[in-house]
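A.B. asks: The structure follows.
What follows draws every value from the coordinates through simple rules; no lab data is involved. Every value quoted in this text rests on a predicted model; they were computed, and no experiment measured them. Ideal geometry is used to build each Cβ from the backbone, glycine not excepted, and the neighbour counts take in all protein chains shown.
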Amino acid sequence: MNNPERIIQSWHENAAAWTTAVQEDKIASRKLVTNSAIVEAVLRQDVHKVLDAGCGEGWLCRELAAQGIDVTGIDVSDALIETATRMGGGTFLTLGYEAFAQNPKLAGSGYNGIVFNFSLLDADIVRVLLAARKALVPGGCVVIQTVHPFTACGDAPYEDGWREEHFTAFGALFPTPMPWYFRTMGTWLSELSEAGFVLDKLEEPLHPETGRPASLILVGR
């Protein structure tokens, strides 16, 4: 099984654990910084119809819907989409990135904002971003939040490559490790450009306790 297939498998097998972690605020950086950071970043774009691509159990869709935004969420995990649908706040579809890249219309159309919140984990994201462009109306934007390269690099070399998340901070909650592709700051910017987006905003939300970047937010148009 290759790494992209393992990513999908991990979302299927970790769906219940992920839902618990999000709904019980078990991820400190999300509770302290990154949840509010992505909500505020999206709201600053003055959008009215948003696609949350890789929506998980739908928390961001619910937050945006509460602000009057028409939201659709897509995710590859049936279990996560079932949870999101049950909790409401938007329209939810089981749809993976491969199918989305091949036919963006499957996710709907007319969006003036598309959000990827910690959900671009594969090595090949340009195809997904190209599909996002096709699903956007003229003047629309893409808002990406990801782990900050300077912080996430750790002691490993600062170069693009596959990493492995074992969720050790959560004990036995997550049953399956997940591969993810690390990108340098330069690679994030070049791939955004390769997909035809112009960088409109770059934000680096800081963790209030460590003073280090908790995430990287890119807004492209």
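A.B. asks: I'd like to compare 173-179, 24-30, 83-89: which one has the highest average count of other Cβ atoms within 10 Å, and what's the full order after that?
C.D. replies: Ranking the peptides 173-179, 24-30, 83-89 by packing returns 83-89, 173-179, 24-30.
A.B. asks: Is it possible to state the helix-based mean residue ellipticity at 222 nm for the chain, with each DSSP H run of 4+ residues giving -39500 (n - 2.57), the sum divided by total residues, to the nearest 500 deg cm²/dmol? What is it?
C.D. replies: So the calculated ellipticity at 222 nm is -9500 deg cm²/dmol.
A.B. asks: Which value results for Rg/Rh of the chain when Rg is the Cα radius of gyration and Rh the Kirkwood radius based on the inverse mean 1/r?
C.D. replies: The Rg/Rh ratio comes out at 0.92.
A.B. asks: Can you compute the modelled spin-label distance between residue 91 and residue 206, with each label point 7 Å from Cα toward Cβ, in nm?
C.D. replies: According to this spin-label approximation, the distance is 4.2 nm.
A.B. asks: How would you rank 158, 111, 181, going from fewest to most other Cβ atoms within 10 Å of each one's own Cβ?
C.D. replies: Ranked by crowding around the Cβ, least crowded first: 158, 181, 111.
A.B. asks: Along the stretch 64-70, what does the Karplus equation 6.51 cos²θ - 1.76 cosθ + 1.60 (θ = phi - 60°) give for ³J(HN,Hα), rounded to whole Hz, x for Gly and Pro?
C.D. replies: Working through the residues one at a time gives 6, 4, 5, 9, x, 8, 7 Hz.
A.B. asks: Most exposed first by the Cβ proxy, i.e. fewest other Cβ within 10 Å, how do 64, 202 rank?
C.D. replies: 202, 64
A.B. asks: Under 17 Å Cα-Cα from residue 134, which lysines qualify once same-chain neighbours fewer than 8 residues away are excluded?
C.D. replies: Within the straight-line cut-off, residue 134 pairs with 49, 105.
A.B. asks: Follow-up. Explain nothing, just compute: Karplus ³J(HN,Hα) = 6.51 cos²θ - 1.76 cosθ + 1.60, θ = phi - 60°, for every residue of the stretch 24-31 in order, whole Hz, x for Gly and Pro.
C.D. replies: Per-residue couplings from phi come out as 9, 6, 7, 9, 4, 5, 5, 5 Hz.
A.B. asks: Can I ask one more? Charges at C-beta only: +1 for Lys and Arg, -1 for Asp and Glu. How large is the resulting dipole of the stretch 1-159 about its Cα centre, in Debye rounded to 20?
C.D. replies: Dipole size: approximately 420 debye.
A.B. asks: Please list, in order, the residues from the stretch 123-166 whose amide nitrogen is less than 15 Å from a point placed 7 Å along the Cα→Cβ vector of residue 198.
C.D. replies: 138-142
A.B. asks: With springs connecting C-alpha atoms under 10 Å apart, model the chain as a Gaussian network and identify which of 56, 161, 171 has the largest mean-square fluctuation.
C.D. replies: Highest fluctuation among the options: 171.
A.B. asks: Please list, ordered by chain and number, the residues whose modelled amide H lies under 5 Å from the amide H of residue 148; skip anything fewer than 5 residues away on the same chain.
C.D. replies: When sequence neighbours closer than 5 places are left aside, the close amide H contacts are 215, 216.
A.B. asks: Ok, one more. Just to check I understand the Karplus step: with θ = phi - 60° and J = 6.51 cos²θ - 1.76 cosθ + 1.60, what whole-Hz values come out for the stretch 108-114, glycine and proline as x?
C.D. replies: x, 8, x, 6, 10, x, 10
A.B. asks: Sort 63, 40 so the one with the fewest other Cβ atoms within 10 Å of its own Cβ comes first.
C.D. replies: 40, 63
A.B. asks: Another one. 5 Å is the cut-off here: which amide hydrogens, built 1.01 Å from N in the peptide plane, fall below it relative to residue 55, excluding neighbours closer than 5 in sequence?
C.D. replies: For residue 55, the qualifying residues are 74, 75.
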